[in-house]
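Report on one structure; see the data block that follows.
The values are calculated or read from the model by the stated rules, or taken from the named source; none is laboratory data. Being a predicted model, the structure only gives us computed values, none of them experimental. Virtual Cβ from ideal backbone geometry, glycine too; neighbours counted across all protein chains shown. These area figures cover heavy atoms from the full protein model, side chains too; ligands, DNA and RNA do not enter into them. Shrake-Rupley method; radii C 1.70, N 1.55, O 1.52, S 1.80 Å.
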Amino acid sequence: MSEPTRKYSISMPQDVAEAARARGGPSGLSAYVAAAVARQIERDNLNELIAVAEAEHGPVTEEDIQAKREQLRRAREEQGTAASGEASAA
């Protein structure tokens, strides 16, 4: 069951509205705009969490970011190796 909806009136630049309508496809402009707003809310919430974490633990350095990216890369490689090993065992 989907959440209840309510009709709102918003204003936006015409070129943005036309591009959104074109990309909305069969789902329509309302669904496209609702998805875009939901993504923005998720980003805003994430930015708030980052601000709280940085206030408590200090700012994240570029070195921290690169170390985590490398850790993720290695984990993906290991998952890919494990998945290909499972496929060949089947």
Starting from the exponent 0.38 and prefactor 2.2 Å, build the expected Rg for the chain from its residue count and divide its actual Cα Rg by it.
1.73
Value at 222 nm in deg cm²/dmol, rounded to 500, when DSSP H runs of n ≥ 4 in the chain each add -39,500 (n - 2.57):
-27000 deg cm²/dmol
The chain, accessible surface, carbon-and-sulfur percent (1.4 angstrom probe)
55
At 7 Å along the Cα-to-beta-carbon direction for both A20 and I50, put a label point, then send me their distance in nm to one decimal.
2.4
Spelling out what I want: for every residue of the stretch 12-28, take phi, set θ = phi - 60°, compute 6.51 cos²θ - 1.76 cosθ + 1.60 (Karplus), and round to whole Hz; glycine and proline get x.
7, x, 4, 5, 5, 4, 5, 5, 5, 4, 5, 7, x, x, x, 6, x
So the FRET efficiency between L72 and V37, C-beta based with R0 = 22 Å and rounded to 0.05, is 0.15
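About the Cα centre of the chain, how large is the charge dipole given +1 on each Lys and Arg Cβ and -1 on each Asp and Glu Cβ? Please answer in debye to the nearest 20.
580
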